[in-house]
Structure formats: C-alpha cells, structure tokens
Amino acid sequence: MRKIIMKRILGEFRNIFSLYWPLTKSLQTGLLLLTGIAGLMSARCPIIHWTTLLGLVVSLFLAIAGSTIINMWFDRDIDARMERTCNRPLASGKVSPSEALRVGLVLSLLGVALAIFINTLYGLVVFTGLFIDVIIYTIWLKRRTAWSIVWGGISGGMPILAGRVLGMNQIDGVGILLTIAILFWIPTHILTFNMRNFNDYKSAGIPTFPSVYGFSITRLTIALSSIISALSIGIAGFWIGMQWGFLRVLGVLSAGLFVLAIMSIRKPSDMLNFGLFKYASLYMLTSMFLLSIYIR
C-alpha cells in the first residue's frame, strides 16, 4: 500500500514538473544562472566558499525562474497567437493562469528574500533585475516599443553583476563592464531570433527592430553590439588578471562572433542568421565558463 501511494505521489510530482518546468525557459534560465556564477568566480577574493556559491545558485535560480513564469503569465495571450509558442503550457491552457502567477510570485519572493538574507547589496541587485524584467520590460514596454530590448538587456545583465557584487561586496568597474557585455550581447542573441521568427512576432503585434527599422539596420545593430560585447568581456578579463592563454581564447571566440556578424551584413541569409544566433549562445556560454575557471 505504501509503495502504491509513493508511486502515485511521484507520478503526480512528475506531471506537475513536466507542466511547470517549460515555464521557466530552462535554457535561458540556465545561461543567466551561469553568468551569475561567472560574476562570483571572477571576484576570487581570494577563495569562494561553497556555501556562498550554493546560496547564489539557489537564490538566483528562484528569482530568475519566478520572474520568467510571471512574464509567461503576462504574455500568454501573445504566445497563443504565435506558432512557435502556442503549445506552451499557459498558452495552450494546460496550466491555469492563477496557478502559474502564484508559483511565479512565490519563487520570485523566495529568491529575493534569500538573496537579501545572504547579502543586502546582492539582494538589491537581484531585486532590481527582477523588477526591470517583469515591470519595465515585459509589462510596460515590450508591447509598445522595439527599444524595450535595451531594458531586457539591462535585466539580463543583473545576474552577472549580482554575482560580482556578492564576491566583492561592492559594485566595481569589472562588474559594470561584465554587465555591459551581457547588455550588448542580448541584441546579438534576440535580434537574430526576431529576424528568424519575423512573421510570428508580426502576427502577435510585438514591435521588433526588424519590423520597425528593417533587416539591414537590425544586422548593423547586431554587428555593433557584438563588437561592444566582445570588447567589454575582453577588458574585464584583462582587468581581473586572466592569463594570456585564456584571453587569447576569448579573442578567438570574439573574432568568430564579429566575422559572422559582418558576413550577415554583406551576404545575409536565413542559414547565416541562424548560425549567428547559435554561435552567440555558444560564445556567451564559453566566455562565462572561462571567467569561472581562469587562473591568475
């Protein structure tokens, strides 16, 4: 009897997990979480205790996942109008909006509360990122202007700044540079996605750079953003004392990003655009990994 009850409980848990996990956008959440870890590890002053790292991982995951669920709750109507998102749990009606909102709020509050408990300044940065992402970007600007991406980029830069703040107990120049790197990486990632899914965003009535300014201006914006992002990461890496071997790898990765961005301007194609989108994610993932393991 006990085994049957346990199987039912585990089965119910798996069903709930399978419904709610997609609401966290696990790949996006994971990448943002990695930037937070990279920000913390970049401090190295001189040793990061495992409890500090665990606290950052748990608090950032809760805050990022919670804000993502709230965003998907608010955007469920436009998700239902887009082919690539219409099967998401909220858009398809598999999860009720009220339940999703409660889960998102609880996770967000727990994440921010834990962050403040760990370190007040760290908690304030985490809260700022969540506020910008949910209130300013999603609720206020996303449906009004293509320039909402700037605020989306700022919120995306908060995890790495939070990690750096937790390691240094202050906002310093390196933390600002790393935040700028993420801010300008966002257009490379998102604008290529906007072009690839142009019709989806158009049918949902969401203003994007491609729909407002055209593909040529969008590609130029991506190229310029790629340069600024790569320079910011490179300067930050040099500033924190990365060995030349690590910096050379960063340089090669940055050159690849720049070449793809320039090629997308000179010889635009759907295949190249998709390649740039994928490479941008790989570039940031590898850069954050290098920041996490570098040797002085």
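The values are calculated or read from the model by the stated rules, or taken from the named source; none is laboratory data. Predicted model only: the values in this text are computed from it and were never measured. Glycine also receives a Cβ, built like all others from the backbone with ideal geometry; neighbour counts cover every protein chain displayed.
Observations on the model:
- Lone qualifier among S98, S59, S92, S108 - being surrounded by fewer than 16 Cβ atoms within 10 Å (Cβ to Cβ) and assigned to a helix (DSSP H, G or I): S98
- Of all residues in segment 22-42, those being part of a loop (DSSP other than H, G, I, E, B), more than 21 Å from I240 (Cα to Cα) and among the small types (G, A, S) number 0.
- Residues in segment 62-89 that are in contact with an Asp or Glu (Cβ under 6 Å, 6 or more places away or on another chain) and either in a helix (DSSP H, G or I) or β-branched (V, I, T) (or both): S67, T85.
- Of note, S148 does not satisfy the criterion of being among the polar types (S, T, N, Q), over 29 Å from I235 (Cα atoms) and either surrounded by 16 or more Cβ atoms within 10 Å (Cβ to Cβ) or at pLDDT 95 or above (or both).
- Residue match in segment 183-205 (condition: on the phi < 0 side of the Ramachandran plot, at pLDDT 95 or above and touching a Phe, Trp or Tyr at 6+ places or on another chain (Cβ under 8 Å)): no
- Only one entry of A223, A255 meets the criterion of being of a type in the set (G, A, S) and surrounded by 17 or more Cβ atoms within 10 Å (Cβ to Cβ), and that entry is A223.
- Filter result (assigned to a loop (DSSP other than H, G, I, E, B) and more than 16 Å from F198 (Cα to Cα)) within segment 262-296: K267, Y294, I295, R296
- For beta carbons closer than 6 Å, sequence separation of 6+ or different chains, a first residue in segment 62-75 that is closer than 17 Å to L31 by Cα and touching a residue at least 60 places away in the same chain (Cβ under 8 Å) and a second that is charged (D, E, K, R) and assigned to a helix (DSSP H, G or I), the qualifying pairs are S67/D133.
- First in segment 176-189 and among the small types (G, A, S), second anywhere and surrounded by fewer than 24 Cβ atoms within 10 Å (Cβ to Cβ), Cβ under 7 Å, 6 or more apart: A181/S232
- Close pairs from segment 103-126: first more than 16 Å from M168 (Cα to Cα), partner surrounded by fewer than 18 Cβ atoms within 10 Å (Cβ to Cβ), Cβ under 7 Å, at least 6 apart: L114/V58
- Residue pairs meeting the criteria (Cβ under 7 Å; at least 6 apart or on separate chains; first within 17 Å of M263 (Cα to Cα), in segment 211-222; second crowded, with 18+ Cβ neighbours inside 10 Å and among the β-branched types (V, I, T)): I222/T188; I222/T192
- Matching entry among D133, D79 (being touching a Lys or Arg at 6+ places or on another chain (Cβ under 8 Å) and among the charged types (D, E, K, R)): D79
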